[in-house]
Amino acid sequence: MTTISPLIAGNWKMNGLTHSLEELAELARLLTAGAAPRAVVAICPPATLLAIVAAQGASSGILAGGQDCHMAASGAHTGDISAGMIADTGAQFVIVGHSERRADHNETDDVVRAKAEAAIGAGLKPIICVGETEAQRDAGEAESVVAAQLAGSIPDAAEQHEVVIAYEPVWAIGTGRTPTLEDIAAMHASIRSRLEGRFGADHAATIRILYGGSMKPQNARDILAIENVNGGLVGGASLLAKDFYTIISAV
């Protein structure tokens with residue numbers, strides 16, 4: 001059976017000024033003070049801090065990631081950031097298709113797939129987000145919605161290049177609500193099955209599937225123990241070094 005090293009990625013969203021780097025320094029201290037973490041650790045800060053996080057995190061093994069990228073390599077796209085620019089900072093990951101991007105910027109599966117392709121082309125590992133709304137779950141459509149997002153958002157290049165899938169039920173993001181452990185297990189098993197159907201069992205077994213959506217110190221251990229949960233995409237709890245370190249230690 002393939003063993004996947006878990007990934008715990010912090011998504012700072014539109015939070016973080018220069019003084020927030022004090023939390024990065026504290027996280028680095030915690031990570032290097034004790035036993036080496038059993039997870040790959042990444043921080044996805046706002047673009048203004050990305051190069052600094054990539055540089056300062058390196059000595060303690062903290063990797064950096066962008067929160068979004070444009071699908072084009074360059075051009076007349078004022079305010080946008082290309083995957084190549086993100087890679088140029090020293091980052092290794094980029095989040096694409098987060099539900100907030102899908103909702104606030106009307107990003108379709110086609111757009112998300114194009115961004116993931118751009119990320120792979122720039123040498124980044126895209127963290128491709130999928131997840132259902134509360135109405136879709138209540139209607140019994142959660143698995144079919146996520147299956148459609150997977151089919152439309154993952155590029156064929158994922159067969160040869162590393163991608164990460166993040167399942168984030170939209171109704172659980174930032175609300176403090178989480179699905180039951182059984183619901184998470186069922187969805188992650190469904191995602192793994194879809195990946196096997198598309199890429200074959202051997203390759204699908206190497207793809208990380210993260211859980212996101214109000215993961216916090218109090219529930220991280222139980223969620224991370226579920227089969228097919230290969231880490232977490234952590235929002236609010238990643239802003240505080242102590243909370244984020246507790247989640248990392250739960251692996």
Exercise for the section: Could you please give the count of residues in the range 212-251 that are under 11 Å from residue 7 (Cα atoms) and not in a helix (DSSP H, G or I)? Expected result: 7
Exercise for the section: Inspect the range 146-161 for any residue being touching a Leu at 6+ places or on another chain (Cβ under 6 Å) and outside any loop (DSSP other than H, G, I, E, B) and give the result as yes or no. Expected result: no
Handout entry: Residue within the range 203-211 that is out of contact with any Gly (no Cβ under 6 Å at 6 or more places or on another chain), assigned to a loop (DSSP other than H, G, I, E, B), of a type outside the set (Asp, Glu) and crowded, with 19+ Cβ neighbours inside 10 Å present
Key = yes
Exercise for the section: Hey, could you check the range 108-137 for residues that are farther than 17 Å from residue 163 by Cβ and touching a helix residue (DSSP H, G or I) at 6+ places or on another chain (Cβ under 8 Å) and say which is surrounded by the most Cβ atoms within 10 Å (Cβ to Cβ)? Expected result: 132
Handout entry: Given (1) in a loop (DSSP other than H, G, I, E, B); (2) under 30 Å from residue 246 (Cα atoms); (3) of a type outside the set (Asp, Glu), index of the condition residue 187 fails
Key = (1)
Exercise for the section: Pull up the range 212-251, narrow it to residues that are closer than 29 Å to residue 157 by Cβ and polar (S, T, N, Q), then point me to the one that is surrounded by the most Cβ atoms within 10 Å (Cβ to Cβ). Expected result: 238
Practice task
Name every residue in the range 42-84 that is acidic (Asp, Glu) and surrounded by 17 or more Cβ atoms within 10 Å (Cβ to Cβ), in order of residue number.
Solution key: 68
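Every number in this text was worked out from the coordinates using simple rules, so none of it is lab data. The shown structure was predicted, so the numbers you read here are calculated from the model rather than taken from an experiment. A quick note on method: Cβ atoms are made from the backbone with ideal geometry, for glycine too, and the neighbour counts reach across all protein chains shown.
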